[in-house]
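The values are calculated or read from the model by the stated rules, or taken from the named source; none is laboratory data. Because the structure is predicted, anything quoted here is derived from the model rather than measured. Don't worry about glycine lacking a Cβ; one is built from the backbone with ideal geometry, like all the others, and counts go over all protein chains shown.
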Amino acid sequence: MGSDVIDEKIFKSEVDPALMLSFVKFAAEKMAETFGPTYKRLIIEYALKFESELLGERPPETIDDIEQLANYLLSRIEKHPKSYCALVYGMSKVDQLLQGGSGTARSVSASVLKKIFEDSGMLNQLIGSTANPYEALTKVEELLASIKANMPGEIVLQNLSNGNLRIIIRDCPYVDACKRMRSEGLWRPDGTPECYLLTRSTVIAEIITGKQYDYKVEELTPPERCSGYVHPI
């Protein structure tokens with residue numbers, strides 16, 4: 001640990017492609033409810049384009065809802081184990097197009113993710129239990145690990161002396177979508193890289209502590225190592 005690190009926790013889990021696809025599908029459906037049918041149509045369009053280009057095959061022409069899209073991606077798991085990344089890419093691409101790269105696009109995406117956690121009730125017992133983002137994320141990761149629902153790959157949480165939280169990510173499950181988004185210049189409104197796992201961590205910190213946070217990417221070399229800070233705003 002560096003001199004600025006007070007404490008750290010490491011969480012590891014294997015990727016279950018079918019389970020990841022189920023979670024991402026649920027998020028896409030929630031986002032489609034927020035934005036409406038145009039959003040849903042474009043998610044499907046861009047997700048199919050992503051997957052067909054990666055596999056070098058013609059996409060189906062009969063898919064018109066997210067359930068059908070998820071079933072198609074599930075059928076491609078043997079060829080592309082991270083086929084759920086097509087949906088992640090589709091959602092991020094449409095955010096940029098519909099919101100024009102504005103701050104609203106990022107806040108809506110985070111708000112929908114927050115709504116998913118809140119509606120599930122999974123974190124209710126931890127709300128208000130700490131004002132420290134490191135402690136909040138540690139408690140949540142421990143809870144999710146106990147029910148085998150934690151994020152796959154390796155996540156290192158570091159409590160820093162300045163009160164911020166550093167997150168180190170290895171074997172990121174979203175690497176395919178991340179590389180594609182960066183190659184197309186899909187950045188955050190402030191021109192910094194977007195990271196789904198850091199967005200997720202920021203949302204969790206806000207739910208548990210009741211404070212507002214943002215994140216900043218520190219290192220981006222997926223899938224070997226990425227890192228970033230969650231800090232108060």
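Yes/no matrix, rows are residues, columns are (1) among the hydroxyl-bearing types (Ser, Thr, Tyr); (2) at pLDDT 90 or above:
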position	(1), (2)
SER102	yes, no
LEU157	no, yes
ARG182	no, no
THR192	yes, no
Total residues in region 27-84, condition within 22 Å of GLN96 (Cβ to Cβ), part of a loop (DSSP other than H, G, I, E, B) and within 18 Å of the chain's Cα centre (by Cα): 3
GLU51, sole failed condition from (1) of a type in the set (D, E, K, R); (2) touching a helix residue (DSSP H, G or I) at 6+ places or on another chain (Cβ under 8 Å); (3) closer than 27 Å to THR138 by Cβ: (3)
Filter result for LEU186 (under 20 Å from SER111 (Cβ atoms), touching a Gly at 6+ places or on another chain (Cβ under 9 Å) and modelled with pLDDT of 90 or more): no
Region 1-37, residues that are polar (S, T, N, Q) and over 17 Å from ASP95 (Cα atoms): SER3, SER13, SER22
Considering residues of region 24-79 that are in contact (Cβ under 8 Å) with a residue 60 or more places away in the chain, over 25 Å from LYS114 (Cβ atoms) and of a type outside the set (Val, Ile, Thr) only, the residue surrounded by the most Cβ atoms within 10 Å (Cβ to Cβ): PHE50
Filter pass, ILE155 being free of Cβ contacts under 8 Å to residues at least 60 places away in the same chain, in contact with a strand residue (DSSP E or B) (Cβ under 8 Å, 6 or more places away or on another chain) and either under 24 Å from LYS25 (Cα atoms) or not in a helix (DSSP H, G or I) (or both): no
Enumeration of residues in region 1-53 that are touching a strand residue (DSSP E or B) at 6+ places or on another chain (Cβ under 8 Å) and of a type in the set (D, E, K, R): ASP4, ASP7, GLU8, LYS9, LYS12
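On the phi < 0 side of the Ramachandran plot, among the basic types (Lys, Arg) and either surrounded by fewer than 16 Cβ atoms within 10 Å (Cβ to Cβ) or out of contact with any Phe, Trp or Tyr (no Cβ under 6 Å at 6 or more places or on another chain) (or both): which single residue out of LYS211, LYS148 fits that description?
Answer to the check: LYS211.
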Test: residue in region 86-97 that is assigned to a helix (DSSP H, G or I) and of a type in the set (Asp, Glu): yes
Members of region 186-225 found to be out of contact with any helix residue (DSSP H, G or I) (no Cβ under 9 Å at 6 or more places or on another chain) and part of a loop (DSSP other than H, G, I, E, B), listed by number: GLY191, THR192, GLY210, GLU224
From the options ILE6, ILE77, residue that is in contact with a helix residue (DSSP H, G or I) (Cβ under 9 Å, 6 or more places away or on another chain), under 24 Å from LEU143 (Cα atoms) and at pLDDT 90 or above: ILE6
Index of the failed condition, GLY121 passing every other in (1) small (Gly, Ala, Ser); (2) in contact with a Leu (Cβ under 7 Å, 6 or more places away or on another chain); (3) modelled with pLDDT under 90: (2)
Contacts under 8 angstrom Cβ, first residue in region 180-200 being among the hydroxyl-bearing types (Ser, Thr, Tyr), partner part of a loop (DSSP other than H, G, I, E, B), 6 or more apart: TYR196/TYR174
